[in-house]
Every structure is written in structure tokens, then in C-alpha cells.
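So the structure is just underneath, and the comments pick up after that.
Read-outs: derived from the displayed coordinates by stated rules, not from any lab. Since the model is a prediction, treat every value here as computed from it, not as a measurement. Counting neighbours? That spans all protein chains shown, and the Cβs are built from the backbone with ideal geometry, glycine included.
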Amino acid sequence: MPSAPFEGLHVSCRSIGILLLIALCAECAHAQTARAPELLAQARALAADAEHGKILYLKHCTGCHGHQAWGDGPKQIPALAGQREFYVLRQLARFAARERDSSLMQESIHPADVNRPQAFRDLAAYLSRASRSPRSDHGDGRALGMGERTYRRGCIACHEQSAEGSDGAPIPAIGGQHYYYVLHRLQSFPTLHEGRVEKDVLRLVAALSPDEQQGLADYTSRLTALTAAGAAH
């Protein structure tokens, strides 16, 4: 029996559709399988679109970090508005590559419209330019002097005078970051950063007493790099 008109064309179109679907799935999966340095290099090579980053942020991130990216201190959720662009970009790449562990972040970064280098670039650009929080959560103030001494002894060389961080390494801005978030990060720092930072830094943080940790978190929370009074750039 003769073939129906366009039957061969129909099969060809269906085959092309299947191939396109496979290619799309492979592209979506790429960010999940690539290593963080590869994702970071790809993202940094792209032009940033901060407005698109805002759209992505409002769609995927407000449930935890808040509408204005000011975080939630008691829940140990960091403020992201005004954070160093390169640092945010690097952390997004690490979450996507599962080199930094957080089930909530990995769930948020899983959708196809956000799990790709261009989205990372745009989100980082938006957050670094977002209006900073009016203030951060603080500790009780009883160990501020100890916190300042600890900061100047062990932290200022990397995090800078006002804890504004640096785009070079990259080093995050922690001045004005929420007290409870910084305290939690200090308490878990040796475990979370083993093999990622210099051993001298690991030893320094691991040797901090609970009072020194609380004082340091309280002191940095009162600096202004991530609040409306300061600027991280």
C-alpha cells in the first residue's frame, strides 16, 4: 500500500522533536552535573541582567530570604541584599554542583529556569545591587569588646576593616550580617570549610571559645557593610 502523503515528513519531525527534547534535558542537567569551578567560569563569562535576576529572585527565593533579601536572623537565614557579587555567584555554583550542602537551597535551585549559569549570573548581579536592610539582628552586647579584639586579631586581614569582604578571593561581606546566622556559621565553620580554606584559618576558628564566637558574631552584626548605612562595593 502506498505511503500516505507527508508520512515520511511526520516521522522526521517526530524524530527531530525527540532529539530536541533530549538536548533540552541534557542542557538542564548540565548545571547539576558540572563542577562548581566550571559553572562559575561559565557564569562569569556572561553578561549580567540584574532585572532578570530580580524576576528569578522573586519567583524562587522570597519564601526564605524575604521579599527584599534581608534574611531572617532568628531562623539563621542570611541577608543577601548588598552581598559581594562574586561571592554570591560562587555559592550558587557550589549549591548547584552539590559542593555546598543545603536541601532547601538545592530544592530552590533545581528548577530549569534557575539551574543554569546565566541565571546564577543574573541573580548575583541583582542581589549585589539590592537595597540593604535598615539593620541586622544583634547579640546581647556583653562580649562586644572581646568580639572586636577577635575580629582584629584573626579576621580583618581577609574580611577588611568594616567586614565588607572582597571580590578578589572572593570573601563575603559579614559586616551587618545577622547575629544568629554568623554565630551558626562560626560554630560549624571547621566542619563546613575543611579542605576549602587555609589550615591556619580553620585552627583559628576552631579554637574560639563560645564567648569569643558570640562576641565576634555580635561585633560583626553591628558593622555596616550589609546595612543601609554601609556599602559592600
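See the values below:
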quantity: Spin-label pair Lys59/His110, simplified geometry with 7 Å Cα→Cβ offset, distance in nm; calculated: 1.7
quantity: Aspartates and glutamates with Cα under 20 Å of Lys54, excluding same-chain neighbours fewer than 8 positions away; calculated: Asp72, Glu85, Glu107, Asp113, Asp122
quantity: Sites Glu51 and Asp140, calculated FRET efficiency, Cβ-Cβ separation with R0 25 Å, nearest 0.05; calculated: 0.05
quantity: Cβ-based net charge around Gln68, under 14 Å, with every Lys or Arg adding one and every Asp or Glu removing one; calculated: +3
quantity: Around Tyr181: net Lys/Arg minus Asp/Glu count, Cβ-Cβ under 10 Å; calculated: 0
quantity: Exposure proxy ranking, count of Cβ atoms within 10 Å, fewest first, for Thr150, Thr224, Thr62, Thr191; calculated: Thr191, Thr62, Thr224, Thr150
quantity: Cβ-Cβ FRET estimate between Arg149 and Glu38, R0 fixed at 45 Å, reported to 0.05; calculated: 0.65
quantity: In nm, spacing of pseudo-spin labels at His67 and Thr191 (7 Å Cα→C-beta vector); calculated: 3.6
